[in-house]
Amino acid sequence: MSKLHIVLAEPQIPQNTGNISRTCAVTGAVLHLIKPYGFEITDKNLKRAGLDYWDKLEILEYDSLDHFLQIHEIQDQQRQIYYFTTKSRICHSDVDYRKFLDSGQDVYLMFGREDAGLPEELLVKHPETAVRIPMRPTLRSLNLSNSVAIAAYEILRQWGYPDMTAQGNLTKYEWD
């Protein structure tokens, strides 16, 4: 079965990484963190954003972007990397992610630093998988943790929310 992977290249803001870790925990996505970070992994702000979810996460760390790419940018049939950027011409929701579920391929969503994004050298090498989330042209970008949530849930929606429940329960009342 396909698995969703969230990749943060050199995250700088601990609260964003904490929020993203919580999103990964509730969706079952694997979190990949690429150094250097703009904070210590023990930073109280990072843990506060997802404190009660840390034990439910699969987190992998890498020493550099090159280290991650050497391991994961292999041209095999088991993974596909999408590079999220404000600079792309392809809308993230125009991609048919269902084909990966059908084939059993894992999908990796890579996001860059909050202050700089992903390196343009990387984007130019992958124009067909560099994607963007639509937004007004006069503004710089969405918050990183919001972008990750939007992207992850689009894929999970197309996959039919595997291993997730779509219905909640009231605590004091019952739904009719």
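Between Lys56 and Asp115, what FRET efficiency follows from the Cβ-Cβ distance if R0 is 30 Å, with the result rounded to 0.05?
FRET efficiency, Lys56 to Asp115: 0.55.
Report the rotationally averaged projected area of the range 4-158 based on its alpha-carbon convex hull, in square nanometres.
So the mean shadow area of the Cα hull is 8.8 nm².
For the range 4-158, give the share of DSSP beta bridges that are antiparallel, in percent and rounded to the nearest 5; count only bridges with both residues there.
In the range 4-158, approximately 5 percent of DSSP beta bridges are antiparallel ones.
Sorted from fewest to most neighbouring beta carbons within 10 Å, what does the list Tyr108, Tyr153, Tyr173 look like?
Tyr173, Tyr153, Tyr108
Thr86 to Gln167: FRET efficiency via 1/(1 + (r/R0)^6), r the Cβ-Cβ distance, R0 35 Å, to the nearest 0.05?
0.50
222 nm [θ] for the chain, helices only, -39500 (n - 2.57) per DSSP H run of 4+, per residue, to 500?
Helices in the chain give a 222 nm mean residue ellipticity of -9000 deg cm²/dmol.
Just give me a number: lysine pairs in the chain, eight or more positions apart or cross-chain, with C-alpha atoms less than 27 Å apart.
Lysine pairs meeting the criterion: 16.
Nearest 20 debye, what's the magnitude of the dipole of the chain about its Cα centre given +1 on Lys and Arg Cβ and -1 on Asp and Glu Cβ?
Roughly 500 debye for the chain.
With a/c under 1.5 counting as rounded, go ahead and sort the range 100-176 into rounded, prolate or oblate using the C-alpha gyration tensor (a ≥ b ≥ c being the square roots of the eigenvalues; past the cut-off, prolate if a/b is larger than b/c, else oblate).
Oblate, since a/c reaches 1.5 and b/c is not below a/b.
Suppose we flag trypsin sites (Lys or Arg not before Pro) only when DSSP calls them loop and at most 11 other Cβ atoms lie within 10 Å. Which is the longest uninterrupted stretch of the chain?
Counting only loop sites that pass the neighbour cut-off, the longest clear stretch is 1-88.
Values in this text are rule-based calculations from the coordinates and carry no lab data. Keep in mind that what you see is a predicted model, and the values were worked out from it rather than measured. Positions of Cβ are backbone-derived with ideal geometry, glycine not excepted, and every protein chain shown enters the neighbour counts.
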